[in-house]
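To keep things clear, I will list the structure first and then write my remarks on it.
The values are calculated or read from the model by the stated rules, or taken from the named source; none is laboratory data. Keep in mind that this is a model prediction, so the values were computed, not measured. Positions of Cβ are generated from backbone atoms using ideal geometry, with glycine treated the same way; all protein chains shown enter the neighbour counts. For the accessible areas, the whole protein counts, side chains as well, though only heavy atoms, and no ligand, DNA or RNA atoms are used. Shrake-Rupley method; radii C 1.70, N 1.55, O 1.52, S 1.80 Å.
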Amino acid sequence: MKTSNHSRYMLKSLVHASQALEAFRSVGEVLRLRDVVARTGLNKGMCFRLLYTLHQCGFLDKVSENHYRLASEVRRRKLYRIGYAEQGQNTSFDQEVHQSLARAAEQKQVELIVVSNRYQPKIALRNADHLIREQVDLVIEFQTDELVAPAIASKYLEANIPFIAIDIPHPGATYFGANNYQAGLLGGRYLGRWAKKHWNGEADEILLIELHRAGSLPQARIRGFQAGLGEVLRMSERCRTVLIDGDGQFQTSLERVRKHLRGSRAKRVLVGAANDPSALGALRAFQEAGRAQQCAIVGQNAEPEARVEVRSPQTRLCASVAYFPEKYGEGLLRLALDILARKPVPPAVFTNHQIITPDNVDHFYPNDSLLAIGP
């Protein structure tokens, strides 16, 4: 049911009737009036009139007073066509967002048109053109390069297509994703407490692994990390802070931290990373240099690979801040449908965060043992 460009031609009474029919999930399911009210979000009086009319027209059977069921199978059309431009970095985070969104779209009877940005701004621009040609009703954009965000936004705005931006702000988009500063604070505070417990609160170096291409808002993770660390520890003037751009990738972070370690003689290094691939890359660099015991690392995202490492005895990946991408889909679809229904929505919807440590990882992720991921 396409509505974005031609909504003025639609009969709202038929739209409401289709919503009432969609409330029945199978031919045999019996619903009360109150069930239809709850599933459609329409008011009680309207639902009563819709059910009465649909019964009189032969679409519904009346089982008893205020109890109805479908008279026959209703062929269901997809309610909306939503474009999803996935990040395409091939990380667990990216995959879990995709999978959760696909599940939510199936549940909501939404057609999902998926393209991969392949972590490349030029491809993201081409994908925007493709989704516009597909005449989608709304786009969910997940691309990391802040510099190309205005050009992508301009395309959607000119085509009059509303869009949601995941984790990286885009002009004119509704933001969905990380509360970056808060996530950084959680990581910094935890690492500070770890240093107090294990190193008597002393450190020689603070190593921050950034993600420059993502721009200013994700950079708030790093600022939050510094602030959280500063709340817990009183840093010596001898403790220097080093910034490295890991580009959010394991290999890049490994190579750049490896290079840094060749010239650093610091014995106690506190590491805050913009995401888990960078945290794991840094950890590998310290391990290769035979200096793993000289670092303590906190990552971001709590991806499956990081959770495996957090469970490892004597690991120096002390914690990671969870973003719960496996729950993104439900929130994204709810937000998208509210936008398409022209309901008021906030300019930004933040996900919840939780510090994941060796002590609580099994509580928050009890089913990890079922995943095909090994140390």
Rh (Kirkwood, all Cα-Cα pairs) for the range 133-224, Å, reads 15.3
Inter-part distance where the range 40-66 and the range 311-375 are each reduced to a Cα centre, Å | 39
Under the Karplus curve 6.51 cos²θ - 1.76 cosθ + 1.60, θ = phi - 60°, whole-Hz ³J(HN,Hα) for the range 192-203, x wherever Gly or Pro sits = x, 5, 4, 5, 5, 6, 9, 10, 6, x, 10, 8
To the nearest 10 degrees, how steep is helix 216-232 against the longest Cα principal axis of the chain, on a 0 to 90 scale?
-> 50
Which trypsin sites (Lys or Arg not before Pro) in the range 254-284 pass both tests, a DSSP loop state and at most 13 other beta-carbon atoms within 10 Å?
-> Arg265
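Can you pull the semi-axes for the chain, root of five times each eigenvalue of the Cα gyration tensor, sorted largest first, whole Å? Write out the running numbers ahead of the final one.
Working: eigenvalues 459, 104, 55 Å².
Ellipsoid half-lengths, sorted descending, are 48, 23, 17 Å.
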Helix 328-340 vs. the chain, principal-axis angle (Cα, 0 to 90°, nearest 10) = 50
Search the structure for amide H atoms under 5 Å from the amide H of His353, placed 1.01 Å from N in the peptide plane, and list their residues when 5 or more places away or on another chain.
-> none
Using θ = phi - 60° and Karplus 6.51 cos²θ - 1.76 cosθ + 1.60, couplings along the range 91-102 (whole Hz; Gly, Pro as x) = 9, 4, 4, 4, 5, 6, 4, 4, 5, 5, 5, 4
Over 30 Å between C-alpha atoms is what I'm after, so list which of Lys259/Lys327; Lys44/Lys343; Lys155/Lys343; Lys12/Lys122 land there.
-> Lys259/Lys327; Lys12/Lys122
Electrostatic dipole magnitude of the chain [Cβ: Lys, Arg +1; Asp, Glu -1; Cα centre; debye, to 20] | 480
The chain: antiparallel bridges as % of DSSP beta bridges, rounded to 5, reads 20
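Grab the other residues whose beta carbon is less than 12 angstrom from that of Gly224, score K and R as +1, D and E as -1, and report the net.
Numbers: positive: Arg189, Arg221, Arg223; negative: Glu231.
After counting each charged neighbour, the total is +2.
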Could you check how much of the accessible area of the range 298-375 is carbon and sulfur, as a whole percent, using a 1.4 Å probe?
-> 54
Using a 1.4 Å probe on the protein chains only, how many percent of the accessible area of the range 179-293 belongs to carbon and sulfur?
-> 45
